[in-house]
Structures are given as C-alpha cells and as structure tokens.
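Single-structure report; data block below.
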Amino acid sequence: MKLFISVDMEGISGVTDWEDVEKGTKDYDYYRNLMTEDVNAAIEGALEAGVTEIVVNDSHDTMRNLVVDRLHPKAQLIRGFIKPLCMMEGIDESFDMAFFIGYHSMAGAERAILNHTLSDKAVQRIRINGREIGEAGINAAIAGAFGVPVVLVTGDSQTAAEVEREISGVYTVAVKEGIGMFTARCLHPQISRQMIREKAAEAVRNRHKVQPVKPLDHYEIEVEFKYASSAQLVSFLPGMTLVDGKTIRFQAEDIRKAMPVLLAVLLLGDVKKLA
Ligand code: ZN
C-alpha cells in the first residue's frame with residue numbers, strides 16, 4: 001500500500017513567522033527539525049495502519065528543508081526545486097492515498113498563519129474556472145487527476161476548515177489556531193505529533209471513504225498578481241491573456257499540464273525588478 005506525502009512548512013507545529021521558515025535565518029534550523037518530526041509522526045501512523053511504501057516530496061520554498069537523515073527511514077525523499085508538478089512531484093496512479101502535512105490557507109484567508117497561494121511575493125489570488133483556490137485545492141486536484149484521494153491534511157485551524165470545504169470527508173489535524181497572519185495559539189509539538197500519528201492511522205484505515213477530487217473537463221486558470229508589471233511580462237508569452245492590469249489567464253485540458261505552466265508563470269512574475 002503506497003502513500004504520497006507533500007510537506008509544506010507554514011502549517012508545521014509551532015511555526016508562526018516567515019523567519020521560522022526561511023533558509024538562512026537564525027531560527028530556521030530549529031523549525032526544519034519540527035517539520036521533519038511532524039512528517040515522521042504521519043509516517044509512523046501510516047505504517048501502523050498498513051502502508052508499506054512512502055514517498056515524501058519536500059514542498060516548501062527551496063524544497064530542501066527536511067533533515068534528510070532524521071526523516072523516517074521507511075520514506076524516500078524527493079528534494080530540490082524546479083519539478084513539473086511542484087508540490088505534487090512524484091505522485092502517480094500507483095499511489096493509494098496522499099497526505100498534505102504543514103499546509104497553510106489560501107492568500108487573503110482571515111487570521112490564517114502565513115496565508116498565501118504559491119507565491120507570497122507575487123500573487124494576490126489564483127482562480128480556477130472563476131473560483132478562488134489555495135495550494136491544498138490545486139494539489140488535491142492534481143492527486144485527483146491520478147485517481148488518488150487526499151485523506152489527511154495538517155496545518156492551522158483555518159487550513160483545516162478550508163480543506164474540509166474542498167475535500168469531503170478528509171481527515172484534518174489543526175496543530176495551531178491562527179490569531180493573525182504571524183500569531184497563533186499552538187499546541188505543544190508532542191501533543192500535535194501524537195494527534196497527527198493517530199489521525200494518519202485513522203485516515204489510512206478509512207481511505208476508501210474519501211473520494212479523489214474529480215477532474216474537470218477544462219481548466220481556466222487566472223493569476224492575479226500583486227504588481228501590474230508581473231502580469232504584463234507574463235502576458236508576452238503565447239497562450240497568456242491579459243485580463244486586467246494585474247491578472248493573466250490561460251487554459252488547460254488537464255490540471256497536470258497546467259501545473260508546470262503555472263510554476264513558470266509564477267517564477268517569471270516573481271522577478272524582484274518587477275515590483
Ligand atoms: Zn511553504
């Protein structure tokens with residue numbers, strides 16, 4: 001039985017600030033250990049419930065955050081940046097289920113820790129077929145295109161509520177309650193890890209109760225940037241339409257084909273000189 005895990009950092013136990021999750025800051029090394037421990041708790045729970053094979057995709061920023069030799073030895077790790085499916089690289093139809101660990105809410109969510117959608121610097125919001133969507137929603141749609149259900153998501157309480165609206169029946173663990181963008185009331189990591197372990201086992205055992213997100217016939221993806229200069233530059237590419245000063249739109253038949261385009265669009269729109 002195979003499990004895919006995508007791990008972000010903003011929704012890890014105890015994390016409340018950009019400094020906690022940015023390579024090179026004084027506190028980062030401490031929090032990358034907490035990140036590794038939250039993932040290990042999920043892995044232990046999954047193994048207890050019968051999972052035999054695990055692939056973990058480090059999905060935050062440089063995508064080189066997890067402490068390699070402290071990660072549970074049963075898991076294989078996908079590490080490094082620029083991968084076509086981004087936070088979902090490594091998933092395919094051979095997996096039985098997916099977990100999202102340490103996730104955060106979509107850009108603009110109220111009182112949600114470090115909320116953003118894929119790029120905090122460049123992106124105001126992302127819409128698919130006119131509906132605003134966050135990272136968990138986009139990534140669950142990618143898993144769904146492979147027929148894989150997302151059965152467990154961990155993060156702050158706002159993220160848990162967001163994914164429960166997106167994925168019917170998903171198991172969630174809220175490791176903290178957001179008070180503001182940079183402030184939360186946090187469970188002790190020992191307690192949150194225990195909860196993650198228990199919920200992971202429960203989610204694996206009840207995986208058949210959660211349906212994969214159904215693929216749509218067509219995807220119209222809109223990126224509203226924070227700066228008009230980002231949208232203008234991206235609109236120079238073939239297939240991109242400038243919808244208004246700050247928003248571009250492109251079309252895709254399959255979310256798995258849309259993701260690499262979206263990644264390239266966001267990187268291009270994130271050039272510092274543009275802001
Ligand atoms: Zn992140």
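The values are calculated or read from the model by the stated rules, or taken from the named source; none is laboratory data. All of these numbers come straight from a predicted model, not from anything done at the bench. Heads up, the Cβs are rebuilt from the backbone with ideal geometry, glycines too, and the neighbour counts pull from every protein chain shown. Accessible surface areas use protein heavy atoms only, side chains included; no ligands, DNA or RNA. Shrake-Rupley method; radii C 1.70, N 1.55, O 1.52, S 1.80 Å.
Values as computed for the structure displayed
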{"read-out": "Residue count for region 153-194, restricted to those that are in contact (Cβ under 8 Å) with a residue 60 or more places away in the chain, farther than 23 Å from Ala107 by Cβ and of a type in the set (A, V, I, L, M)", "value": "1"}
{"read-out": "Any hit, region 43-59, residues being within 16 Å of the ligand (Cβ to nearest atom) and either without any contact (Cβ under 8 Å) to a residue 24 or more places away in the chain or hydroxyl-bearing (Ser, Thr, Tyr) (or both)", "value": "yes"}
{"read-out": "Residue check, Met195 touching a strand residue (DSSP E or B) at 6+ places or on another chain (Cβ under 6 Å), assigned to a helix (DSSP H, G or I) and surrounded by 17 or more Cβ atoms within 10 Å (Cβ to Cβ)", "value": "yes"}
{"read-out": "Filtered residues of region 233-275 (kept if in contact with a strand residue (DSSP E or B) (Cβ under 7 Å, 6 or more places away or on another chain) and in a helix (DSSP H, G or I))", "value": "Val234, Ile255, Ala258, Val261, Leu262, Val265, Leu266, Gly269"}
{"read-out": "From the options Ala143, Ala136, residue that is assigned to a helix (DSSP H, G or I), away from the ligand (no atom under 16 Å from the Cβ) and either modelled with pLDDT of 95 or more or touching a Pro at 6+ places or on another chain (Cβ under 7 Å) (or both)", "value": "Ala143"}
{"read-out": "Unmet criterion (only one of (1) within 15 Å of the chain's Cα centre (by Cα); (2) buried (at least 18 other Cβ atoms within 10 Å of the Cβ); (3) among the charged types (D, E, K, R)) for Glu37", "value": "(1)"}
{"read-out": "Boolean, Leu118 is touching a residue at least 12 places away in the same chain (Cβ under 8 Å), in a loop (DSSP other than H, G, I, E, B), open to solvent by less than 10 Å² (accessible area, probe 1.4 Å) and on the phi > 0 side of the Ramachandran plot", "value": "no"}
{"read-out": "Search result, residues across region 60-88 that are in contact with a helix residue (DSSP H, G or I) (Cβ under 9 Å, 6 or more places away or on another chain) and within 16 Å of the ligand (Cβ to nearest atom)", "value": "His60, Asp61, Met63, Asn65, Leu66, Arg79, Ile82, Lys83, Leu85, Cys86, Met87, Met88"}
{"read-out": "Hits in region 1-26 (condition: of a type outside the set (S, T, N, Q), open to solvent by less than 40 Å² (accessible area, probe 1.4 Å) and more than 10 Å from the ligand (Cβ to nearest atom))", "value": "Leu3, Phe4, Ile5, Gly14, Asp20"}
